[in-house]
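A short write-up of the structure that comes next.
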Amino acid sequence: MTTITEFIVDKNNLGQTRIAERDAPTLNDGQVLAKVDRFALTANNVTYGVVGERIGYWKFFPVEKDGDGIIPVWGFADIIESNHPDVPVGERLYGYWPMASHLVMSPTRISEHRLFDGAEHRAELPPVYNSYSRVNAEPGYDNSFDDDRMVLLPLYATSFCLYDFMKDNDWFGAEQILIPSASSKTAIGTAYAIKADDSAPVLVGLTSPRNKSAMDELGLYDTVLTYDQLDQVDTSKPSAIIDMSGNGAVLNDLHKRLGDNMKYTSNVGATHYEDNAMGPDFIRDRSQMFFAPGHIQKRNAYWGPGQFEQKSLAFWRDAAIKSREWLTIKHETGAAAVSDAWQEVYAGKTPPNAAWVVGF
């Protein structure tokens, strides 16, 4: 009998965690059992938990006890049992997994390179999260990029979406783009994309004093300011904000300083989850939560199936190669290691130039 190990968090206190174990159920016809091999942990996963109720991230991998939840992660898994004729044992998948050792799946919409989890409770959830790559069938699959893919692809796909969204809206008339939490990996990916576009506005990165020198050395931002230097922001320029922090105090301050020159704020992440209450000067009617899967669906409808994926993958691979110059990926295995890595990431103690790849 296979034992499933799950990493459970308190939805209202993501730092309160426990390990749970249960027997894997007997597979029904059409089901498979995937053993999760490795997955990445970044601030992106913290955001999944912080906005889990609002956006629905808790629905992917539900647990029985009210108030408990499982954080979704991106990584690789192998099929170890199969009751599906088209998904053999040994199949390797890349995609969206629970922080757990195994997942029972109901594969559907199976093609040469991809399949979807057709589990009933996932039917109404965004397709991008239900889609899994059959990596051994991918043209040119290179397993030396597995770590980069786990850590950076989910983040840099969002980065590409943000770039495409801002450009598609003519930068909202902005002459400068401000990026709070500029040291986050999604912010860095966004900066890679914007910096490569000669038509883009100038980029101003906002970060903590401890990360400023690293962001200066990266060379992606035209200006890097710390959060205590907001008085140096050029408020005479029409500005857009791509916010990775969710820091209500910072956003309130920027909106107050910019006033009518705050043209648009895209709220993306919540790295400063403890400060996410917006103040009285926050301009809500020119701010909106950015949801990458929605943008991907829009682009697929406009460009045609597969076109967005091709463009974003090309960007990701190029940006991932550049990121190897500064990114160190740390590896650990075991329930205790997963717990330690989560607590470090949740506390914001993982430095910008590092990331975790872990597994049970």
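If each residue of separation counts as 0.36 nm, what is the full-extension length gain between Asn300 and Ala214 once their alpha-carbon separation is subtracted? Could the numbers behind the result be given before it?
Values: separation 86, 0.36 × 86 = 30.96 nm, distance 3.61 nm.
Taking 0.36 nm per residue and subtracting the Cα distance, the gain is 27.3 nm.
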Here region 181-195 yields Karplus 3J(HN,Hα) values (6.51, -1.76, 1.60; θ = phi - 60°; whole Hz; Gly and Pro given as x) of 6, 5, 8, 5, 5, 5, 5, 4, x, 5, 5, 4, 5, 5, 4
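Given the chain, what percent of its DSSP beta bridges are antiparallel, to the nearest 5? Please report the intermediate quantities before stating the final value.
Working: 39 of 65 bridges.
Antiparallel: roughly 60 percent of the beta bridges in the chain.
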Summing +1 per Lys or Arg and -1 per Asp or Glu among the other residues with Cβ less than 12 Å from Arg324's Cβ gives -2
With x for Gly and Pro, the residue-by-residue ³J(HN,Hα) of region 34-49, computed from phi through the Karplus equation 6.51 cos²θ - 1.76 cosθ + 1.60 at θ = phi - 60° and given in whole Hz, is 9, 9, 5, 7, 9, 8, 8, 10, 9, 4, 4, 6, 5, 4, 3, x
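Given the convex hull over the Cα atoms of region 80-205, what projected area results after averaging over all orientations, in nm²? Don't skip to the answer; put the middle values down first.
Numbers: hull surface 41.2 nm².
For the Cα atoms of region 80-205, the hull's average projected area reads 10.3 nm².
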From DSSP H assignment alone, runs of 4+ in the chain each adding -39500 (n - 2.57), the sum over residues rounded to the nearest 500 puts [θ] at 222 nm at -9500 deg cm²/dmol
Across the alpha-carbon set of region 158-293, Rg over Rh with Rh taken as the Kirkwood radius works out to 0.91
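Could you work out the local net charge near Asp29, counting Lys and Arg as +1, Asp and Glu as -1, over the other residues with Cβ closer than 14 Å to its Cβ? Could the numbers behind the result be given before it?
Values: positive: none; negative: Glu81, Asp86.
In short, -2.
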From fewest to most C-beta neighbours within 10 Å, the residues Phe172, Phe308 line up as Phe172, Phe308
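What does the convex hull of the Cα atoms of region 276-360 come to per residue, in Å³, rounded to a whole number?
Working: hull volume 15.0 nm³, N = 85.
Roughly 176 Å³ of hull volume per residue.
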Other residues with Cβ under 12 Å from the Cβ of Trp97 give, with Lys and Arg +1 and Asp and Glu -1, a net charge of -2
Output ordering of 331-337, 351-357, 67-73 (per-residue mean of other Cβ within 10 Å, highest first) is 67-73, 351-357, 331-337
Taking R0 as 56 Å and r as the Cβ-Cβ distance between Arg18 and Ala314, the FRET efficiency 1/(1 + (r/R0)^6), rounded to the nearest 0.05, comes to 0.85
Check: C-alpha center region 1-38 vs C-alpha center region 239-261, spacing in Å is 39 Å
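Mean separation of Cα pairs under 8 Å and 6+ residues apart, divided by the residue count of region 158-293: what relative contact order is that in percent? Before the final figure, lay out the partial values.
On the way: 255 pairs, mean separation 32.2, N = 136.
Reported as a whole number, the value is 24 percent.
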In whole percent, the Cα-Cα distances of region 206-360 spread across 5 Å bins from 0 upward as 2, 8, 12, 15, 17, 17, 16, 10, 3, 1, 0
For Cα extents along the principal axes in Å, with candidates (1) 65, 43, 37; (2) 65, 47, 47; (3) 59, 51, 42, the value calculated from the shown model is option (1)
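What's the ranking of 141-150, 34-43 by average number of surrounding C-beta atoms within 10 Å, highest first? Walk me through the intermediate numbers first.
Working: 141-150: 16.6, 34-43: 23.2.
By packing density, highest mean first, the sequence is 34-43, 141-150.
Bear in mind these aren't lab numbers, they're just calculated from the coordinates by the rules spelled out. Computed from a predicted model, the values in this text were never measured in an experiment. Heads up, the Cβs are rebuilt from the backbone with ideal geometry, glycines too, and the neighbour counts pull from every protein chain shown.
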